[in-house]
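Okay, structure first, notes after.
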Number of protein chains: 2
Amino acid sequence: MSDTSAAPRRGREIRRARASARTVKYPYIRRKLPVVELLSTEAVEIIEANAETILAEIGIEFRRDPESLRLWREAGADVAGERVHIPRGLARQLLKTAPREFELYARNPERNVHFGGDATVFSPVGGPPFVTDLDRGRRYGTLEDLKNFIKLAHMAPAIHFSGGCMCEPMEIAPNKRHLDVQYSFFRFSDQGCEATPETPGHARDAVGLARALFGTAYLEDHPVVLGNINSNSPLTFDGRMLGALREFAAANQGTIVVPAVLAGAMGPVTAAGCMAEILAETMAGMALTQLVRPGAPVILGSFVGAISMRTGAPTFGTPEATQMIFATAQLARRLGVPCRSGGSLCSSKSADAQAAYESAHTLLPTLLAGVNLVTHAAGWLEGGLVAGYEKFVMDADQLAMMQVLAQGMDISTRGQALDALREVGPGSHFLGCEHTQANFETAFYQSTIADYSSYEQWSAEGALTAEQRANGVWKKMLAEYQDPGIDPAADEAMLAFIAGRKAVLTDAVEEE
Amino acid sequence: MSDTSAAPRRGREIRRARASARTVKYPYIRRKLPVVELLSTEAVEIIEANAETILAEIGIEFRRDPESLRLWREAGADVAGERVHIPRGLARQLLKTAPREFELYARNPERNVHFGGDATVFSPVGGPPFVTDLDRGRRYGTLEDLKNFIKLAHMAPAIHFSGGCMCEPMEIAPNKRHLDVQYSFFRFSDQGCEATPETPGHARDAVGLARALFGTAYLEDHPVVLGNINSNSPLTFDGRMLGALREFAAANQGTIVVPAVLAGAMGPVTAAGCMAEILAETMAGMALTQLVRPGAPVILGSFVGAISMRTGAPTFGTPEATQMIFATAQLARRLGVPCRSGGSLCSSKSADAQAAYESAHTLLPTLLAGVNLVTHAAGWLEGGLVAGYEKFVMDADQLAMMQVLAQGMDISTRGQALDALREVGPGSHFLGCEHTQANFETAFYQSTIADYSSYEQWSAEGALTAEQRANGVWKKMLAEYQDPGIDPAADEAMLAFIAGRKAVLTDAVEEE
């Protein structure tokens, strides 16, 4: 459902936001670029056939979740122990009830986002136990850090969605942490967010909190959170993730089914082998959501990298990963579901050139490929172990550039600028011409990080690297954060829900 | 002329080169990826029509070169003073004699490169007056620095062509410098190279030296140097560049016609406006080569950036530049000539994250777009004022990754890896499986710069940034450089030519 009628308004808004000194949010991206597909039809058909072979002949293990096995048996799969052999074509058939596109509702309707079609949504890093910044160095994340990242994501113009847990608040007991995390997302930003349910109980709590905020009836036909569901590659789902998946699907909330495949470790050493595996796993997991509740919104996810054949360490931003990002989007479109991949992945320990090369070679392919939800798009360092404050705002700057790129080349009369060429003619310059005067404020995105001054001026100002400049940017943003506020009754309902849950949970590493 | 028969050999060679510990050169790229085109047919037709409007109605100035004006008048253009109005369709018609593809011959035939079609050739930075490295900082370039960069380009696996003058040897008088530069290229590497003729005399000397090395008869049907010809945008060519262009075309040597357009200064503030200007200028310059000698090899070049609307400083790696790179390749293909753009451009003063983001957002589009000659692909810093030793080897590492990416996804039985998936099955890993054992050595490109170790190990080793690690890489490469040698008679002939020329040139800033 391309929203072409809104396109001119959207273009104006983005240009105005770019020109404005104050922080303005961009609407999520409606791309005007064609999607880039690198695989031939022959190649995608081979990968699709191999995925069906994997499902039918090798099968997928659904561990410690009898209900999933029951659903598969009823659907006609061959279930032997916990191994489910899914006949060719069955998973694809089941996925016909999954929506091609869907809306994810935020408490501020202006910040609703759309998944699928020509929409692209950027969301920040999720999952790291550590955080780092230039002042305090690398350390465990805290709830305070998480709130900071939620605020930064709330303010960054081209971060449209708050994503998952930017850093784990390590000071809070693991079985209660999810409550404070989810509350912080709902409370300190009015844009949409993920949940990161690691157990069925987490998933129920995420849905419970969402009901407290939005109302139980509202959730029935309004997805307001996305649950991130990882398979245990290769070819396995465990009971905790399966339970969380079933909770979310039953509540009509969105799920993302994401294998985390590093080629050479959880997948073969070749991209085409990994893609068949990823497609098989996501088809199995997504089909299960449709067995739970036909029509439940679900996203095909991939998280791609490779291991170093020298050390076994994870690598990102390499050519193999780039190929897999393009392939993911292409396969998801053929399957008719939204897709997630991305975003600014890197192995680097510091926000240096390695980090930027690797991130750019993940992010730009994601945008060109037409990925719908770009996760981990800001702040990711060290293979996802660390959320970096400086990296966060550096990446956010790149995201704004990607949003401009996605608008395509302006080919209107303004864009053609023939009048300017006639006015200026040979051998002069365009600095003061009428067309430049009329358009310079909105002509180009103004980077918040890049330094374009002369060597002499840059040296006089301390010869700062991009990372050092970024240190000032995030501090200024946090100082300028404005609380979006919240309806007191909704806030009270959430706090009451949390108090009730915490009263029955004793501190523990894992839910029982 | 797609060289498909050589493809399997080429793939094996690249995989072997990747796996080898010693430095092995990759052959130039024969892409297996489809070319990525972001402009609609409607958009390119508008730009093409506007270019014709510029040529016919505004016209191009050919300054201080009566011979060019005479050639245009004879060809049917309307010449008023130095302003040439080229009737619609004439330039495109004249370009029908330009070769769609051509070979550039190196003194080592294994290092010949091909321009056009599915070929992509990487070449390093050209033009900076300054060099920098972490030990000695930023300083004027010398002949010693130039030789170092020629050696690094000779050794870097994915730099297929030595390009233009990586840094100006500032200690040599400007009117003699070109002789030492050209000799160094011919002497210290056996791969092909550019010349950077700034005057007709330089061009004659470049051709003279090439004749001394290759023989006069050989040059008649073997292009062995490429002359870089810049227009003075907007819409102007000066007499010195025009004379150089005519010398090269007359000698059947290659030319690249390259407007240097920074949007907002030498072009309009819009990408579509700049592209019409670039197309008009390149069509005019390239058509002139065909008036001089029909069939002379010529390349359509673009060098794209924008100015900062805050400071007027040049910016690179921005969305507008990315759009223009894709557009350049698309327009050149429609015109039926090879194209040049790229490569690893940035504004950054240091080889930091800004440098890497900007470079990656220039390089990856160049590869995806199907640019045939990617110039400035390694070593570029500070808007081209500086050639950086660390940046050079960091970029060279990225080029090798781009070469792997260009091979596309391996969809052979090996690539599909179904046997591996069957062997491993659910819940295990691929680290030791047979397919991994058989393929791990050649599976992934091994970065020479990236650090994939743990935070603890990286810290123990001094917490080096990518730039700091790169410092060790270029030193090791220079220490390991092996002189390719040269035929003594050819060397003597070149040295005699240079001695003869220097005897009649008194030190001066400019040729008379």
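The values are calculated or read from the model by the stated rules, or taken from the named source; none is laboratory data. Because the structure is a prediction, the values reported are computed rather than measured. Reconstructed Cβ throughout: ideal geometry from the backbone, glycine too, with neighbour counts over all protein chains shown. Areas reflect the complete protein model, heavy atoms only, side chains present, ligands, DNA and RNA absent. Shrake-Rupley method; radii C 1.70, N 1.55, O 1.52, S 1.80 Å.
Some values worked out for this structure:
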quantity: Output for segment B:328-351, where each listed residue is assigned to a loop (DSSP other than H, G, I, E, B) and either among the small types (Gly, Ala, Ser) or surrounded by fewer than 24 Cβ atoms within 10 Å (Cβ to Cβ) (or both); calculated: B:336, B:342, B:343, B:344, B:347, B:348, B:350, B:351
quantity: Flag if residue B:395 is farther than 22 Å from residue A:48 by Cα, part of a helix (DSSP H, G or I), charged (D, E, K, R) and more than 7 Å from every other protein chain (Cβ to nearest Cβ); calculated: yes
quantity: Filtered residues of segment A:426-450 (kept if within 19 Å of residue A:399 (Cβ to Cβ) and without any contact (Cβ under 8 Å) to a residue 60 or more places away in the chain); calculated: A:447, A:448, A:449, A:450
quantity: Residue in segment A:498-507 that is touching a strand residue (DSSP E or B) at 6+ places or on another chain (Cβ under 9 Å) and either assigned to a helix (DSSP H, G or I) or over 25 Å from residue A:211 (Cβ atoms) (or both) present; calculated: no
quantity: Test: residue in segment B:380-390 that is of a type outside the set (A, V, I, L, M) and at the interface with chain A (Cβ under 8 Å from one of its Cβ atoms); calculated: yes
quantity: Residue list for segment A:381-413, restricted to those being over 22 Å from residue A:351 (Cα atoms) and of a type in the set (Ser, Thr, Tyr); calculated: A:412, A:413
quantity: Condition broken by residue A:476, with the remaining ones in (1) more than 14 Å from chain B (Cβ to nearest Cβ); (2) open to solvent by 40 Å² or more (accessible area, probe 1.4 Å); (3) in a helix (DSSP H, G or I); (4) over 22 Å from residue A:355 (Cβ atoms) satisfied; calculated: (4)
quantity: In segment A:57-93, the residues that are open to solvent by less than 40 Å² (accessible area, probe 1.4 Å), in contact with a Lys or Arg (Cβ under 7 Å, 6 or more places away or on another chain) and within 12 Å of chain B (Cβ to nearest Cβ); calculated: A:58, A:59, A:61
quantity: Any chance residue B:377 is facing chain A (nearest Cβ under 10 Å) and within 16 Å of the chain's Cα centre (by Cα); calculated: no
quantity: Any hit, segment B:307-318, residues being farther than 21 Å from residue A:457 by Cα, facing chain A (nearest Cβ under 7 Å) and crowded, with 24+ Cβ neighbours inside 10 Å; calculated: yes
quantity: Meets criteria (more than 7 Å from chain A (Cβ to nearest Cβ) and either open to solvent by 20 Å² or more (accessible area, probe 1.4 Å) or not aromatic (Phe, Trp, Tyr) (or both)) for residue B:423; calculated: yes
quantity: Whichever residue in segment B:244-297 is in contact with a Ser or Thr (Cβ under 6 Å, 6 or more places away or on another chain) and at the interface with chain A (Cβ under 9 Å from one of its Cβ atoms) and, among such residues, is farthest from residue B:97 (Cα to Cα); calculated: B:269
quantity: Pairs with Cβ under 6 Å, 6+ apart, first in segment B:221-233 and more than 13 Å from residue B:286 (Cβ to Cβ), second open to solvent by 10 Å² or more (accessible area, probe 1.4 Å) and among the hydroxyl-bearing types (Ser, Thr, Tyr); calculated: B:222/B:105; B:224/B:105; B:228/B:196
quantity: Segment B:429-470 - residue that is hydroxyl-bearing (Ser, Thr, Tyr) and at the interface with another protein chain (Cβ under 7 Å from one of its Cβ atoms) and, of those, least open to solvent (accessible area, probe 1.4 Å); calculated: B:436
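Listed here are the residues, each with its yes/no results for (1) at pLDDT 95 or above; (2) polar (S, T, N, Q); (3) buried (at least 20 other Cβ atoms within 10 Å of the Cβ).
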site: B:171; (1), (2), (3): yes, no, no
site: B:181; (1), (2), (3): yes, no, yes
site: B:196; (1), (2), (3): no, yes, yes
site: B:219; (1), (2), (3): yes, no, no
site: B:225; (1), (2), (3): yes, no, yes
site: B:231; (1), (2), (3): yes, yes, yes
